[in-house]
Amino acid sequence: MWQAGVDQRVLGYLGRALSLELTAVQQYSTQARLAAAWGLTDAAERLRAEADDEMGHVDRIVARMLALGCAPGASQLRPVRLGKSLAELLQADQSVETDIQQLYGEAVAHCARIADHDNRVFFQGILDEEHAHGQELARWIEALTSPAGVATPERATF
């Protein structure tokens with residue numbers, strides 16, 4: 001169902017992005033349940049919101065793939081990474097976010113090389129959101145792990 005003239009690497013980036021975003025949805029959703037079980041209500045709500053944000057990226061990728069004439073299909077979801085503390089959960093999230101940012105950065109560079117303005121703008125928009133999210137995660141982790149010990153898991157939200 002590939003549309004003629006669509007760069008195959010762009011479609012590959014979209015497919016990998018779909019897999020990584022669905023991995024993030026699965027991870028955040030699972031972690032939200034775990035945080036709730038630990039009694040970390042605020043953290044659980046924030047993690048659920050993050051799953052919703054990532055699901056928004058999934059929706060945009062699916063729409064983009066359909067607009068390009070291809071059927072979406074996430075080929076590989078990574079296993080959920082958990083931990084024994086909220087900080088460990090967030091560090092696992094940071095790892096997934098780093099991989100997502102790297103993929104979008106490569107996609108932006110590829111689209112720039114082949115002068116595919118529309119897809120470059122598409123990937124850049126999500127990359128910018130992922131960069132902001134990565135910074136928020138880093139601040140949350142810092143608040144949880146700072147030696148001052150001022151932040152509690154419930155107050156240390158981003």
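The share of C-alpha pairs in the chain whose separation exceeds 23 Å stands at 40 percent. At a threshold of 8 angstrom on Cα-Cα distance, excluding pairs fewer than six apart, so keeping six or more, what relative contact order does the chain reach in percent? About 27 percent, as a whole number.
Of the trypsin sites (Lys or Arg not before Pro) found in the stretch 52-145, those that fall in a DSSP loop while having at most 11 other beta-carbon atoms within 10 Å are 84. Across every pair of non-identical alpha carbons in the stretch 1-74, the mean reciprocal distance, once inverted, gives a Kirkwood radius of 13.3 Å. Dipole check for the chain: with +1 at the C-beta of Lys and Arg, -1 at the C-beta of Asp and Glu, and the Cα centre as origin, the magnitude is about 360 Debye.
Bear in mind that the values in this text are calculations on the coordinates, not laboratory data. The structure presented is a predicted model; accordingly, all values stated were derived computationally and were not measured. Cβ: placed from backbone, ideal geometry, glycine included. Neighbour counts: every protein chain shown.
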